[in-house]
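Notes for the one structure printed next.
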Amino acid sequence: MRECVLLFQFEQTKQRKLVAQLLPARFKVKVVGAEELDFPIGYLTGNKELPVREEKGKEGQSASEEPQGHEQAGETAPQPLEGEMLVMAGVSGDRLNMVLQAVKKAGIGPIPYKAVVTETNQAWTARELFEELRKEHEAMKTQNNDGKMLHEQK
């Protein structure tokens, strides 16, 4: 799998700072638009063998055939994710640390939703991956340092 870093819904200033840190290290960076949130993660990283789910819209067009950036009469824009997400494909070891250091050097603060592409999640859509990360993030917030679930006090 070729190295690739996907950026989802980063504010433009943050996005520019992070890309400026990643490009000198020769990372391929892709900024994913709202119109691509229903594409498989693996497809977005360059694995064109993964099928794009054909969701039929108006006039029988599939989601991947619709014009990008234009709303047709009566249609709504794709719903955004509930936060920023960073996804890394083909990145491990020292290179993974380089991405995390780039985030730190860019001074853009912690990114709560980060993932590495795996055999399992490469077929998931960006929305599905985000939802899984959100659930994991919420579960971690309910644990204390010992890893035990916090209980409601009576």
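Rounded to the nearest 0.05, what FRET efficiency do E49 and R26 give with R0 = 25 Å and r taken as the Cβ-Cβ distance? Could you check? Walk me through the numbers before you get to the answer.
Numbers: r = 24 Å, r/R0 = 0.98.
Calculated value: 0.55.
Between M98 and K135, the contour length at 0.36 nm per residue exceeds the Cα-Cα span by 10.7 nm.
Rounded, prolate or oblate: pick one for the range 1-53, where a ≥ b ≥ c are the square roots of the eigenvalues of its C-alpha gyration tensor, a/c under 1.5 means rounded, and failing that, prolate if a/b is larger than b/c, else oblate. Intermediate results must be reported in sequence, preceding the final value.
On the way: a/c = 4.68, a/b = 1.45, b/c = 3.22.
Verdict is oblate for the range 1-53.
Coordinate-derived values only; no laboratory data. Being a predicted model, the structure only gives us computed values, none of them experimental. Reconstructed Cβ throughout: ideal geometry from the backbone, glycine too, with neighbour counts over all protein chains shown.
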